[in-house]
1. Please report the projected area of the chain's Cα convex hull averaged over all directions, in nm².
2. Provide the convex hull volume over Cα atoms per residue for the stretch 108-181, in Å³.
3. For residue 194 paired with residue 94, estimate the spin-label separation in nm (one decimal), with each label point 7 Å from Cα along the Cα-to-Cβ line.
4. Quickly estimate the mean residue ellipticity at 222 nm for the chain, helices only: each DSSP H run with n ≥ 4 gives -39500 (n - 2.57), and the total goes over all residues, rounded to 500.
């Protein structure tokens, strides 16, 4: 670059999309847990599938979009994987025979794949990031493992256990959404979010320290 040339990178402040991710997880996991525990009649499984498409999926797709905009690969990946998982689950509910009590084998295999996919952003966040999003995604991963086993074995006991774990995942997602929302609105942690090293420094370090390696980040450097 010649001395009279300058490259400019414009940073656009955005709110963290993670609360939106976890609100979507809260809603979807509550709906599925309700089906698995019998709180929602099996005859209404088709309606539950349409609700998944109408509410949690758009929320998490929006969170994924702003995760990429905010250069957070873990937030964007986790949100995208969850949105795809709910879409597959919703289509299974909508197309299954009325009153079907267990996931189909294809949805069971999807659940195993989603569980593995969620571990990618979870492990990424746990390594120097915030433990709260990592733990929430890892817990959601265990829920999908149980969903997969239930779909392959058609076990009524496992189905009920999956519903209980799903409700626990919803509770953890509620805490994560609230904690991160309060942290963002008050410019600091109100309840524990378990940030580590670089993630904790992101709330307190001066701006010039946080953008020193900006030219090497995806979206700025020449190759992704």
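Laboratory data are not the source of any read-out in this text; all were calculated from the coordinates shown. Given the structure is predicted, the values throughout are model-derived calculations rather than measurements. Don't worry about glycine lacking a Cβ; one is built from the backbone with ideal geometry, like all the others, and counts go over all protein chains shown.
1. 13.5 nm²
2. Details: hull volume 4.8 nm³, N = 74.
Output value, Cα hull per residue: 64 Å³.
3. For the pair residue 194/residue 94, the computed spacing is 3.6 nm.
4. Values: 9 runs with 150 residues, N = 224.
Calculated at 222 nm, the ellipticity per residue is -22500 deg cm²/dmol.
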